[in-house]
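Read the figures in this text as sums done on the coordinates, not as results from a lab. What you see is a predicted model, and the numbers here were worked out from it, not measured in a lab. Here the Cβ is made from the backbone with ideal geometry for all residues, glycine too, and neighbour counts use every protein chain on show.
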């Protein structure tokens, strides 16, 4: 059974100032997290998952070819005037 708000308030009043601050920080963090829209975050994750799956299928089917990291890095160094 859930405790009443009044009981929780009494318990908080009995805490030290330091512990009351910790409780306050926890509650603020919880409220901030709850105020974040969940749906857009889920939509972003779903979009990235779909993009990863699309790219994997392109690679697996041979539609696109992977470029080795060494070649990518060499091209970047050449473009930006670095010779490592």
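Annotations
- Entry for P(r) over Cα pairs in 5 Å bins from 0, in percent (calculated from the structure that is shown) out of [x] 3, 10, 8, 9, 9, 8, 8, 7, 8, 7, 6, 6, 7, 2; [y] 3, 14, 16, 13, 9, 10, 10, 9, 8, 5, 3, 0; [z] 3, 14, 26, 27, 19, 9, 3: [x]
- In the chain, the longest principal axis of the Cα atoms and the axis of helix 5-14 are about 90 degrees apart.
- Nearest-ten-degree value, helix 69-79 long axis tilted from longest Cα axis of the chain: 80
- Efficiency of FRET between residue 49 and residue 76 - r from beta-carbon atoms, R0 35 angstrom, step 0.05: 0.80
- Compared with the dominant principal axis of the Cα atoms in the chain, helix 38-61 is inclined by about 20°.
- Residues residue 2 and residue 42, FRET efficiency given R0 of 35 Å [Cβ-Cβ distance, rounded to 0.05]: 0.80
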